[in-house]
1. What are the residues in segment 4-46 that are among the acidic types (D, E) and closer than 16 Å to N107 by Cα, if any?
2. Just checking, which of R44, R53, R48 is outside any loop (DSSP other than H, G, I, E, B), at pLDDT 95 or above and either in contact with an Asp or Glu (Cβ under 8 Å, 6 or more places away or on another chain) or more than 19 Å from T122 (Cβ to Cβ) (or both)?
3. Applying the selection to segment 88-105, what residues are surrounded by fewer than 18 Cβ atoms within 10 Å (Cβ to Cβ) and either of a type in the set (A, V, I, L, M) or closer than 15 Å to E47 by Cα (or both)?
4. Consider G126 carefully, then state whether it is on the phi > 0 side of the Ramachandran plot, at pLDDT below 95 and exposed (fewer than 13 other Cβ atoms within 10 Å of the Cβ).
5. How many residues does segment 38-87 contain that are surrounded by 14 or more Cβ atoms within 10 Å (Cβ to Cβ), under 14 Å from L116 (Cβ atoms) and free of Cβ contacts under 8 Å to residues at least 24 places away in the same chain?
6. Any idea which of (1) over 25 Å from D16 (Cβ atoms); (2) touching a helix residue (DSSP H, G or I) at 6+ places or on another chain (Cβ under 8 Å) is the one S94 doesn't satisfy?
7. Which condition number does D108 fail, the rest of (1) in contact with an Asp or Glu (Cβ under 8 Å, 6 or more places away or on another chain); (2) modelled with pLDDT of 95 or more being met?
8. Can you go through D108, D136 and tell me which one is in contact (Cβ under 8 Å) with a residue 60 or more places away in the chain, surrounded by 15 or more Cβ atoms within 10 Å (Cβ to Cβ) and assigned to a strand (DSSP E or B)?
Amino acid sequence: MKALLQRVTHASVVVDGNTVGAIDTGLLVLVGIEPADTPSISARMLERLLNYRVFPDQEGRMNCSLRDIGGGLLLVSQFTLAAETKKGNRPGFSTAAAPDLAETLFNDLVQQAQRLHQPVATGRFGADMQVSLTNDGPVTFLLEL
């Protein structure tokens with residue numbers, strides 16, 4: 001599982017002209033699911049997302065987590081994040097999980113997040129989404145499990 005997390009002051013997802021998810025200060029996380037991913041990997045990734053210290057403390061150092069600041073979490077499924085890009089001029093997608101597995105694991109991640117943290121918003125799995133964000137910093141990290 002790969003998660004591209006971006007510290008934001010605002011982020012939103014629009015599908016067919018309608019906003020389906022939005023947050024203010026928090027993390028926009030693009031989630032790439034791979035064939036070997038499991039519910040336990042999903043749970044471990046969520047713990048990392050909630051506890052990863054990327055927000056400034058009173059001295060301006062990245063010592064605070066999403067939990068610490070009570071920020072929003074916007075989860076967006078993105079199969080292209082799991083693409084094979086090491087050779088050629090075109091991405092390959094055999095390294096991404098099949099849609100059924102990816103949807104199940106993504107929905108599990110969302111449900112776990114909603115149990116453990118608020119606010120949580122999402123995009124729409126498999127939809128053509130327009131994602132807008134104001135990256136704060138900019139601060140962006142790729143987490144891999």
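1. Across segment 4-46, the qualifying residues are E34, D37.
2. Unique residue meeting the criteria: R44.
3. Once the filter is applied, which keeps residues that are surrounded by fewer than 18 Cβ atoms within 10 Å (Cβ to Cβ) and either of a type in the set (A, V, I, L, M) or closer than 15 Å to E47 by Cα (or both), segment 88-105 yields A98, L101.
4. yes
5. 1
6. Result: S94 passes all but (2).
7. For D108, the failing item is (1).
8. D136
The values are calculated or read from the model by the stated rules, or taken from the named source; none is laboratory data. Note that the structure is predicted; figures quoted are calculated from it, not measured. A quick note on method: Cβ atoms are made from the backbone with ideal geometry, for glycine too, and the neighbour counts reach across all protein chains shown.
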